[in-house]
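One structure is given here, and the rest of the page talks about it.
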Amino acid sequence: MFDSGRGGEAVASRLRELLPGSDVITADDAANVPYGSRSDEEVERLTAEGVKPLLDAGCDAVVLACNTATAAAIDHLRRDIPAIPFVGLEPMVKPAAAMSRSGVIAVCATPATLRSGRYQRLKDAWAPQTRVLEPDCSAWAAAVEREGPEVVDLAPLVEEVRDSGADVVVLACTHYHWLKERIEAQLAAELPERGVTVLEPSDAVAGQVARVLGSPPRSGL
Ligand code: DGL
């Protein structure tokens, strides 16, 4: 699992639960995190460097447990290293749009992910009739990394969700997985009638890794 920082561990811990037969090791890039405000070229170069310890360790598959790195680098990695399956993380626009009753969803992601062509294509393909909010979460990854998830002020997100009618929130940066329970709790307290769903992709990633490795995960995903 590669992430710029602490996001990788959030996904890795779930993979270890669901794929107990696999050794899940992580690599990060503590010197250069956060990636989300960097240029695509920088993220691509740093990701190519960052996955090297995983390739050197003989991993059978490499997960880019980072939406930002996936958007900027996965196409190049797949082209340059065809022998290794790369699994990427992408914003869960498709399930969010499909499950939304109000037709309004919120995607929490880094600036680099939000401006990427991959994300634009996801919205065009799966959410053409959905109103997609993109709250400003640009300070979150650095805050989670340096000070911990508890310092992130969730009030602006909660207000935007409340005022827009959104009923699904997509966590499209793995650093934000550490905020999931707080976001759920604050939305439930603020909007008890609406039943807002908060999505993150760790289980789907485990299922994809299992398919790639040819070993079914514990939950039968
Ligand atoms: N955890 C990464 C992601 O999923 C990004 C955090 C960062 O900005 O480095 O996008």
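Computed over the Cα atoms of the chain, the ratio of the radius of gyration to the Kirkwood radius (Rg/Rh) comes to 0.96.
Report note on the peptides 57-69, 134-146: ranked by the mean count of other C-beta atoms within 10 Å, highest first, their order is 57-69, 134-146.
Each part reduced to its alpha carbon centroid, segment 104-124 and segment 141-204 end up 16 Å apart. When Lys and Arg each count +1 and Asp and Glu each count -1, what net charge do the other residues less than 14 Å away from residue 123, Cβ to Cβ, add up to? The answer is +2.
Coordinate-derived values only; no laboratory data. Quick caveat, the model's predicted, so the values are computed rather than measured. Positions of Cβ are backbone-derived with ideal geometry, glycine not excepted, and every protein chain shown enters the neighbour counts.
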